[in-house]
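A short write-up of the structure that comes next.
The values are calculated or read from the model by the stated rules, or taken from the named source; none is laboratory data. Because the structure is a prediction, the values reported are computed rather than measured. Here Cβ is always computed from backbone atoms with ideal geometry, including for glycine, and neighbour counts include all displayed protein chains. Only protein heavy atoms, including side chains, enter the accessible area calculation; ligands, DNA and RNA are left aside. Shrake-Rupley method; radii C 1.70, N 1.55, O 1.52, S 1.80 Å.
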Amino acid sequence: MIIKQNLPLVSILLPVHNSGEFLESCLKSLLSQSYSQIEIIAIDDKSRDKSFDTLKKFKKIDKRIRIQKNKKTYGIAVCLNRAIKQTKGSFIAFMDSKDVCSINRIKKQVQYLLSHSDVVAVGSQCTYIDEDNKRIETSLFPEKHEIIQPGLFSGLSMQFESAMINKTLLPRDILHFDTKPYPAIYTDIFMKIISYGQLANIPTVLQWHRKLSGISQGTLNAPIEHIKLWTKSIVFYDYRPSFRSLINPLIKHIQ
């Protein structure tokens with residue numbers, strides 16, 4: 001991989017599990033980025049479909065892709081941790097293997113982080129689509145840290161898979177994912193990193209995030225884990241989420 005001077009390398013983490021129907025579109029959107037200084041680290045969690053065959057095909061086409069297949073299904077936390085260990089970039093971007101991103105996503109986020117040295121992570125607006133690529137809705141995430149931070153628990157302030165992190169602002173090894181239900185696995189990481197910088201969202205839609213029928217994409221799949229994470233944020237991270245951020249997701253889960 002040839003790294004151009006003065007352009008930071010972006011490591012894109014791509015956990016994959018039974019995403020064969022959408023993975024090709026995902027990879028095409030990443031490889032066609034207007035910002036070329038990227039590496040894609042794809043970890044297949046022992047998919048039962050054609051996902052790994054698709055990864056092998058694209059790896060032959062573009063050397064910026066590195067792939068690995070787990071011997072058994074471990075879950076997204078193990079995939080992300082294995083990918084993190086292989087990263088070479090100063091910036092870390094997340095990607096859902098069923099999503100598609102704008103051709104300028106990486107470029108715009110790199111530019112934002114380079115021009116905002118106090119921002120540790122930047123997301124974007126997202127258009128939510130179904131399995132047939134039909135538009136469901138478009139996000140209205142807040143742009144500023146002081147509004148994003150209180151909404152992390154409610155799931156109303158950031159789509160984590162659209163985010164890019166400035167790793168240079170963080171201590172070594174802080175980006176370690178604990179085994180938790182989605183999206184608590186990401187919420188936990190973002191609670192850790194807000195001690196080292198602010199959060200932001202670019203007002204432009206840079207990601208098309210897929211919501212599939214039969215798969216819970218709610219704020220938390222497990223109310224007990226949500227309560228534990230809410231408590232942990234106060235005790236260990238000096239984070240003060242509102243009481244509403246505890247209650248609202250629990251009400252949604254009951255409904």
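Computed quantities for the displayed model
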quantity	calculated
Calculated FRET efficiency for the pair Ser117/Leu7, C-beta based, R₀ 30 Å, to 0.05	0.95
Restraint check, Lys108/Lys134; Lys63/Lys98; Lys63/Lys144; Lys59/Lys167, Cα-Cα greater than 31 Å	Lys63/Lys144
Difference of contour (0.36 nm per residue) and Cα-Cα distance, Lys88 to Ser195	36.2 nm
Length gained when the stretch Lys63-Leu169 is fully extended (0.36 nm per residue, less Cα-Cα span)	35.3 nm
Candidate residues Arg172, Arg82: accessible-area rank, largest first, probe 1.4 Å	Arg172, Arg82
Solvent accessible area, Å² - His145, 1.4 Å probe, full protein context	30
Computed FRET value (nearest 0.05) for Lys56 with Glu143, which takes r as the C-beta separation and R₀ as 35 Å	0.35
Rh by Kirkwood over Cα pairs, then Stokes-Einstein D for the range 2-76 at 1.002 mPa s and 20 °C, µm²/s	167
Amide hydrogen neighbours beyond the local backbone of Gln159, cut-off 5 Å, H modeled	Ser124
Amide H contacts of Ser102 (H built 1.01 Å from N, under 5 Å, at least 5 apart or other chain)	Gln207, Trp208
Ranked order, Ile165, Ile147 - accessible area, probe 1.4 Å, largest first	Ile147, Ile165
Sequence of Ile148, Ile84, Ile76 from largest to smallest accessible area, 1.4 Å probe	Ile76, Ile84, Ile148
FRET efficiency, Ser36 to Ile136 (Cβ-Cβ, R0 41 Å, nearest 0.05)	0.85
